[in-house]
Every structure is written in C-alpha cells, then in structure tokens.
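Below you'll find the structure I mean.
The values are calculated or read from the model by the stated rules, or taken from the named source; none is laboratory data. Keep in mind that this is a model prediction, so the values were computed, not measured. Note: ideal-geometry Cβ built from the backbone for every residue, glycine included; neighbour counts use all protein chains shown. All accessible areas refer to the heavy atoms of the entire protein, side chains included, with ligands and DNA or RNA removed. Shrake-Rupley method; radii C 1.70, N 1.55, O 1.52, S 1.80 Å.
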Amino acid sequence: MIFDSASKTQTMEEESNKSAIQIEAPAPQFKIPVDSEQKATEFWLFSLAAPHMRAFHLSWFSFFCCFVSTFAAPPLLPLIRDNLNLTTTDIGNAGIASVSGAVFARLAMGTACDLVGPRLASASLILLTTPSVYYTSIIDNATGYLLVRFFTGFSLAAFVSTQFWMSSMFSAPKVGLANGFSGGWGNLGGGATQLIMPLVFDLIRHIGSTEFTAWRVAFFIPGVMQTASAIAVVMLGQDLPNGDYRKLEKVGDKHKDSFRNVLYHAVTNYRGWILALTYGYCFGVELTIDNIIAEYFFDRFSVNLRTAGMIAASFGLANIISRPGGGMLSDWMSRRYGMRGRLWSLWVVQSLGGIFCILLGRMDNIVGSIAVMLLFSFFVQAACGLTFGVVPFVSRRSLGLISGMAGGGGSLGAVLTQLIFFKGSKYSKETGITLMGVMILCCTLPITLIYFPQWGGMFCGPRRKATAEDYYAAEWSEEERERGYHLASVKFAENSVREGGRRETSPTVPVDVTPGNA
C-alpha cells in the first residue's frame with residue numbers, strides 16, 4: 001500500500017512537471033547574436049532585425065524628423081525675416097528659444113524613459129510638439145515666431161530616448177557605436193533641413209505660389225514627417241529586447257522603480273554633471289552653429305540663399321560619419337585601454353574641435369572658412385559620439401536621467417553660448433565663433449576629473465580590488481538586492497569587463513561607496 005501510494009505521488013509530480021514545462025514561455029529568439037542581457041553583441045547597420053535593429057532605425061529616424069522641424073526656419077530666415085519684419089534681436093531670441101525648452105524637456109525625458117520606457121516617452125513627446133510645427137504656417141509677428149520655435153524645440157528631447165533605447169538594446173562593446181550612429185544620423189536632420197526647406201520652397205514657388213505663401217506651406221513637410229515617425233515608434237517599436245516596460249512589470253520580469261530613487265542616484269553622481277558640462281560645449285556648439293551658420297555665410301561672404309544653405313548643410317551632414325566615428329573610436333579605445341581610453345579620446349577630440357572653432361572665426365575667405373568649418377564639424381560632432389560612449393557606464397539604475405542630464409547640458413550650452421556671443425550686436429559673428437572655441441577648450445578640461453573606482457580615470461588607475469559588480473550594485477539597498485532587483489545591473493557589469501582594459505580582473509570585493517560618491 002505504501003509502495004503504491006508513493007508510486008502515485010511520483011507519477012502526479014512527473015505529470016505536474018510536464019504540465020509546467022508545457023506552459024512555460026519559450027525563450028526569445030533573435031536573428032542577431034545577443035549576450036546574457038539579450039542585448040545585441042553585433043551591429044548590423046542595414047538590417048531591420050527585430051527588436052534591436054528595428055529600434056535603431058526607428059530611433060534615429062524619429063530624432064532626424066525632430067531635428068528637421070526644429071531647424072526648418074533658419075534656411076528660410078532671409079525670407080521670414082523680411083516677411084515678419086524681424087530684427088536682429090528677434091532672430092537671436094528665437095534661436096535661443098529653439099534650444100532652451102529642450103534643457104528641461106531632456107531631463108523630463110530621461111526620467112520618463114526610466115519609468116515608462118523609451119517607446120512611449122519618445123512618441124508622446126513627438127506628437128505633443130507636432131502642432132507647433134504646423135502652426136508656423138500661420139504666424140504673423142515676431143512673438144509668434146519665437147513661440148513656435150520654442151515649442152518645436154522641445155522635440156529635441158527625443159535625443160535622450162534615442163540614446164537610452166540604444167543603451168538598452170546593445171551590449172557594452174557595441175553601445176558607443178550604436179549611440180554614435182543613432183545620434184549622428186538623427187543630427188543629420190540639422191543639415192538635411194538646410195537642403196530640404198529651400199528645395200520645398202522653390203518647388204512651391206514654381207507651382208505658382210507667392211514667396212509669402214510658399215515658405216508657410218513648406219512647413220507642412222516637416223510636420224508630416226514628425227507625425228509619421230511618432231506613429232511608427234508606437235506601432236513598431238519595443239522598449240527592451242524581451243518586451244515593453246508595462247508588460248514586463250505586469251508579469252514581474254522588471255522592477256517598477258520610483259522617481260525618488262532614480263532622481264537620487266542621478267543627481268548624486270558627479271560624473272553625470274561633468275558630462276553635462278562637456279556635452280554643452282560639443283552638442284551645444286553644434287546647435288548654435290545650426291542656428292547661425294547659413295546667415296553667417298549669407299551676410300559675411302554675400303552668397304545667395306541656396307549657396308548659404310548648401311554650405312550650412314555640409315556642417316550638419318558631416319554627422320553621417322563624424323558622430324558614428326566618435327562612437328567607433330570610443331569602442332576601439334575601450335578594447336585597447338578600457339574606460340581610460342574612452343576618456344582620453346573624448347578629451348583630445350573635443351579639444352581639437354575647440355581649436356578649429358577658433359580658427360573658423362578668424363578665417364577671412366570663403367574657401368578657407370568652408371574647409372575649417374568641415375574639420376571643426378567633424379571633431380565637435382565626433383566628441384558627441386565619444387561622450388555617449390561614456391554615459392551608459394555612469395549609472396544603470398538612473399541611465400535615463402543621466403542621459404537626460406547630459407542631453408540637457410547640451411541644450412543649456414547652446415542657450416548660454418547664443419546669449420553670450422550671438423544675441424544682439426555686442427559681438428560680430430566671427431568674434432563670437434572665436435570666443436566659443438575658447439569656451440570649448442575650457443569646458444573640456446573637467447573630463448580629467450572623471451574617475452571610476454573599478455576602471456580608473458585619465459591619470460589614475462583603478463582602485464585595488466574594486467569591481468564593476470559592486471559599483472552598480474551599490475545603487476540598490478540591501479533589501480532590494482535580497483529581492484533581486486539589482487541582477488540586471490550585475491549582468492551589465494559582467495558584460496562590461498572589457499572596460500578595465502588589458503589587465504586581469506580582480507576578485508570581487510565589496511566597495512564601501514556608492515557610484516555617486518566614489
């Protein structure tokens with residue numbers, strides 16, 4: 001009897017186990033190779049493989065459309081200026097407004113990415129800012145011009161979701177490359193709009209419209225592009241390799257974090273603040289140039305509108321290779337020298353950008369100015385890619401907000417630069433460009449202060465026995481670690497071992513400090 005009972009019990013357990021196996025969800029299968037976090041370990045540029053490469057193409061294209069919208073006005077500015085009777089001060093204020101809103105929007109976007117995911121955060125922002133693009137067609141005074149540029153500029157916060165999304169989809173050895181391409185191809189919008197808007201304007205004029213009507217109708221093109229990109233992100237995108245935030249939180253596969261904890265671990269990490277400052281004088285400078293460069297060549301060298309637009313476009317279009325090149329350089333330096341290589345390359349490249357910016361302001365012939373401008377564009381944009389080769393390693397728990405801080409720093413740098421050097425008539429544009437180069441050199445120096453205890457800094461090696469696992473786990477309380485909330489951060493640390501450079505890994509010994517105050 002006892003034997004029969006035991007046999008029945010064993011049979012029931014086996015059937016239960018079989019049933020459990022049958023209902024267990026299959027592991028996700030990907031076309032692209034992945035690591036233990038299901039992040040892609042390869043980067044297939046011309047692939048649409050879901051979800052990694054699909055997220056890449058959705059992110060850069062939506063950001064591209066936002067850039068086209070935000071900087072659609074400058075290439076038509078000589079016409080808009082005459083039509084609306086804008087003064088130099090009006091134009092300067094509108095240029096500042098176009099990037100000032102993004103300062104706070106990028107901080108908000110970073111938090112939104114941490115809490116609800118990059119897909120919904122990005123699409124919501126793009127749709128909310130689209131009406132201001134359409135409204136540009138009916139403005140009739142300087143105040144209206146300033147307001148539409150201000151609200152359209154909020155869309156530049158999509159950059160944060162772009163970088164966050166790539167950091168969530170690609171492994172540490174490829175994150176610099178993915179961030180470089182997504183940010184760089186998105187920034188292409190700043191150059192492409194210099195070609196798109198004059199071309200659309202000319203086509204509408206040839207149909208028979210007056211100049212007054214043609215430049216207004218032209219703004220429907222960036223509006224439609226922005227709307228379509230947002231819909232595509234919602235319909236085709238996915239937050240993480242294994243699903244969307246909301247679904248993963250419902251089934252318990254992802255911890256739903258609190259705003260207070262995300263904010264605390266971001267603002268107490270000094271590395272985030274330094275990168276926000278330095279990014280202000282690479283990406284911030286790029287935004288400034290996008291606002292002034294067409295008018296600069298138009299006024300200083302007396303070229304026509306189309307020629308000025310083509311010259312200005314070449315600055316933005318350099319992003320097709322420069323920013324991705326910065327990301328590739330960051331990853332390559334990491335393979336050889338670890339995190340210290342990433343930091344050194346960032347400092348050198350951004351400093352060279354400052355030198356070429358100074359030279360640009362001192363050139364007095366158009367051929368020399370164009371040549372120096374192209375060199376300047378390459379280095380300052382490559383520095384942007386190099387910056388976001390470092391950002392993903394600063395914090396895992398507050399990755400979105402750290403990205404937002406850096407991105408917001410970029411917009412703030414553009415605001416301050418335009419306020420100081422390009423508002424009103426205090427400085428000529430060539431003098432302002434020269435002084436802007438000096439600011440780049442000064443604001444790049446704090447990179448020397450960034451130090452990771454497990455990997456080191458520019459001048460100091462790593463702290464003895466410090467590990468990446470303890471650095472990232474320190475962002476979680478003991479209770480949270482007991483519940484396993486930190487395991488994703490630990491996996492990232494394991495996949496980031498290369499950041500230590502060519503040295504043997506140290507045994508795991510707890511670090512008594514958090515990432516914020518290490």
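A quick yes/no check of all residues on (1) without any contact (Cβ under 8 Å) to a residue 12 or more places away in the chain; (2) open to solvent by less than 20 Å² (accessible area, probe 1.4 Å); (3) in a helix (DSSP H, G or I); (4) not aromatic (F, W, Y):
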position: A157; (1), (2), (3), (4): no, yes, yes, yes
position: V175; (1), (2), (3), (4): no, yes, yes, yes
position: A192; (1), (2), (3), (4): no, yes, yes, yes
position: P198; (1), (2), (3), (4): no, yes, yes, yes
position: S229; (1), (2), (3), (4): no, yes, yes, yes
position: R246; (1), (2), (3), (4): no, no, yes, yes
position: E249; (1), (2), (3), (4): yes, no, yes, yes
position: D257; (1), (2), (3), (4): no, no, no, yes
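For the range 261-296, what are the residues that are under 15 Å from S411 (Cα atoms) and aromatic (F, W, Y)?
Matches in the range 261-296: W273, Y279, Y281, F283.
Would you mind stating whether T278 is over 19 Å from L375 (Cβ atoms) and in a helix (DSSP H, G or I)?
Numbers: over 19 Å from L375 (Cβ atoms): yes; in a helix (DSSP H, G or I): yes.
Answer is yes for this residue.
Within the range 448-466, does at least one residue satisfy the condition of being open to solvent by less than 50 Å² (accessible area, probe 1.4 Å), of a type in the set (F, W, Y) and without any contact (Cβ under 8 Å) to a residue 60 or more places away in the chain?
Looking for residues that are open to solvent by less than 50 Å² (accessible area, probe 1.4 Å), of a type in the set (F, W, Y) and without any contact (Cβ under 8 Å) to a residue 60 or more places away in the chain, one finds none in the range 448-466, hence no.
Which condition does L48 not pass, out of (1) part of a helix (DSSP H, G or I); (2) of a type outside the set (F, W, Y); (3) in contact with a helix residue (DSSP H, G or I) (Cβ under 7 Å, 6 or more places away or on another chain); (4) free of Cβ contacts under 8 Å to residues at least 12 places away in the same chain, if it passes all the others?
Among (1) part of a helix (DSSP H, G or I); (2) of a type outside the set (F, W, Y); (3) in contact with a helix residue (DSSP H, G or I) (Cβ under 7 Å, 6 or more places away or on another chain); (4) free of Cβ contacts under 8 Å to residues at least 12 places away in the same chain, L48 violates only (1).
Every residue, every condition in (1) part of a helix (DSSP H, G or I); (2) over 14 Å from G95 (Cβ atoms), yes or no:
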site: I402; (1), (2): yes, yes
site: A406; (1), (2): yes, yes
site: A414; (1), (2): yes, no
site: Q418; (1), (2): yes, no
site: K426; (1), (2): no, yes
site: T434; (1), (2): yes, yes
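Restricting the range 261-304 to residues that are at pLDDT below 90, of a type outside the set (G, A, S) and open to solvent by 20 Å² or more (accessible area, probe 1.4 Å), which is nearest to R106 (Cα to Cα)?
Checked the range 261-304; the qualifying residue nearest to R106 (Cα to Cα) is E295.
Could you tell me whether L86 is touching a residue at least 40 places away in the same chain (Cβ under 8 Å) and not in a helix (DSSP H, G or I)?
Values: touching a residue at least 40 places away in the same chain (Cβ under 8 Å): yes; not in a helix (DSSP H, G or I): yes.
Criteria met by L86.
Still on this structure, I have one more. Out of all the residues in the range 317-349, which are among the charged types (D, E, K, R) and within 19 Å of L374 (Cβ to Cβ)?
So the first thing to find is which residues in the range 317-349 are among the charged types (D, E, K, R), and the list is 323, 331, 335-336, 340, 342.
Scanning the range 317-349 gives a single hit, R323.
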